[in-house]
Amino acid sequence: MKVKVQLVVWDDNGQEETLTDVVVLEKGRQRIEQVGLTLGEAKAVLQALQQRIVAQQATTFVQRHVCCQTCCDRLPTLVPRFPRRG
């Protein structure tokens, strides 16, 4: 049996932003000990989820907090822009 874990992210308006396959597990069904996730599998799923959730949250944060270098007013943008140094 294969088990696929997916992450779906919606924006504040309820629109689906992303659908990401997090991990696909191959689960045996031969013995009772194989039911559920092993500790290693659970840690791998959690790590993969954390990476994708943090990346999405960071992107959203940057998009909402971009400001003008001159006056520091918030800039309306859909793409993160970073100030140039130098």
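Residues of the range 17-44 that are over 11 Å from Val3 (Cβ atoms), of a type in the set (Asp, Glu) and either modelled with pLDDT of 80 or more or surrounded by 10 or more Cβ atoms within 10 Å (Cβ to Cβ) (or both): Glu17, Asp21. With the structure loaded, tell me whether Gln50 is surrounded by 13 or more Cβ atoms within 10 Å (Cβ to Cβ) and out of contact with any Leu (no Cβ under 7 Å at 6 or more places or on another chain) or whether it fails that test. Answer is no for this residue.
Checking each residue in the range 19-53 for being in a strand (DSSP E or B) and within 12 Å of the chain's Cα centre (by Cα) picks out Leu19, Thr20, Asp21, Val22. The single condition among (1) assigned to a strand (DSSP E or B); (2) modelled with pLDDT of 80 or more; (3) surrounded by 10 or more Cβ atoms within 10 Å (Cβ to Cβ) that Lys4 does not satisfy is (3).
Pairs are defined by a Cβ separation below 7 Å, a sequence spacing of at least 6 or placement on different chains, a first member in the range 54-65 that is part of a helix (DSSP H, G or I), and a second member that is exposed (fewer than 11 other Cβ atoms within 10 Å of the Cβ); the pairs so defined are Gln63/Leu78.
The values are calculated or read from the model by the stated rules, or taken from the named source; none is laboratory data. What you see is a predicted model; the values in this text were computed from it and never measured. Here the Cβ is made from the backbone with ideal geometry for all residues, glycine too, and neighbour counts use every protein chain on show.
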